[in-house]
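The values are calculated or read from the model by the stated rules, or taken from the named source; none is laboratory data. Please read these numbers as outputs of a predicted model, since none were measured by experiment. So basically every Cβ, Gly included, is an ideal-geometry build from the backbone, and we count neighbours across all protein chains shown.
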Amino acid sequence: MYKLSGVTKDYQKGRQSVAALRGVDVVIEDRDWLAIQGPTGHGKSTLLQILGGLDRPTSGIVDFDGQDLAQMRETQLTGVRAASIGFVFQTFNLIPTLSAQENVETALVPLGIHGADRKARAVKALEDMGLGDRARHLPSELSGGQQQRVALARALVKEPKVLLADEPTGNLDEDTRDEILTLLEKFWGEYNLTLVVVTHDSAVARRAQRIGVMRNGRLTFKQSANRAKGPGSAVPAPPS
């Protein structure tokens, strides 16, 4: 699935260069569930954006199924994101003027899925999230947990290979957090997803097979109690 080798990311802040990633090496196998923790500002979200092709590294290789995302033309990268990668964010990122169903349908537009087929897939995705009766509601008419379920339906409706989630439960209370975690775990198994979750919440991280820790732009690993439950494992890349 993923093999990152020597990945760095530098940002310019005024006249200074700030290193967000400092030589990240990691292999993430198909169907892994990797949680990434660490202090704020130490590179977690930057790493997730690079895995999703939303940002490019300053140097290094980001191999995704044999293709280096770092070297792709923007049109190719857009195609990979549209077909293979689902995203879920803390702030839901729903379009406020569209209904829940229409928000889910937006994920299918770049894939050329039209008309009744697109509508039917969106409706089914919402039903799978327990939101079949909320399809026509606007985001403002939904609770935070319901909005996150719509966001999850939007991410999964295209049946991606990988789901990247950035603090997906950060705005939710504990009960709703647990409901979203149960859904993530359910669809991770049913869709054979590769799942990477950035989180500050140890209760979220403990559900993963493997826990990575970002500190000062470097990624290390600690053992998860759930490692044995899945078919794969996330491991550091071997030295080259």
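As an exercise: evaluate SER84 against (1) touching a helix residue (DSSP H, G or I) at 6+ places or on another chain (Cβ under 9 Å); (2) more than 20 Å from ARG207 (Cα to Cα); (3) touching a residue at least 12 places away in the same chain (Cβ under 8 Å) and give the number of the one condition it does not meet.
Just one mismatch for SER84, condition (1).
If you go through the range 1-37 one residue at a time, how many are under 21 Å from the mean Cα position of the chain (by Cα), acidic (Asp, Glu) and surrounded by 15 or more Cβ atoms within 10 Å (Cβ to Cβ)?
3
If you take the residues in the range 39-88 that are touching a Gly at 6+ places or on another chain (Cβ under 9 Å) and charged (D, E, K, R), which one is nearest to THR194 (Cα to Cα)?
Among residues in the range 39-88 that are touching a Gly at 6+ places or on another chain (Cβ under 9 Å) and charged (D, E, K, R), the one nearest to THR194 (Cα to Cα) is ARG81.
Looking for something part of a helix (DSSP H, G or I), out of contact with any helix residue (DSSP H, G or I) (no Cβ under 8 Å at 6 or more places or on another chain) and over 23 Å from ASP25 (Cβ atoms) - is there at least one such residue anywhere in the range 206-219?
no
Could you list, in sequence order, all residues of the range 89-108 that are of a type in the set (A, V, I, L, M) and modelled with pLDDT under 95?
Result: no residue meets the conditions.
Condition check ((1) touching a Gly at 6+ places or on another chain (Cβ under 8 Å); (2) among the acidic types (Asp, Glu); (3) part of a helix (DSSP H, G or I); (4) modelled with pLDDT of 95 or more) across all residues:
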position	(1), (2), (3), (4)
ARG118	no, no, yes, yes
VAL123	yes, no, yes, yes
GLU127	no, yes, yes, yes
THR169	no, no, no, no
ARG177	no, no, yes, no
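Quick one: count up the residues across the range 1-30 that are under 19 Å from GLY52 (Cβ atoms), of a type outside the set (A, V, I, L, M, F, W, C) and in a loop (DSSP other than H, G, I, E, B).
Within the range 1-30, residues that are under 19 Å from GLY52 (Cβ atoms), of a type outside the set (A, V, I, L, M, F, W, C) and in a loop (DSSP other than H, G, I, E, B) number 2.
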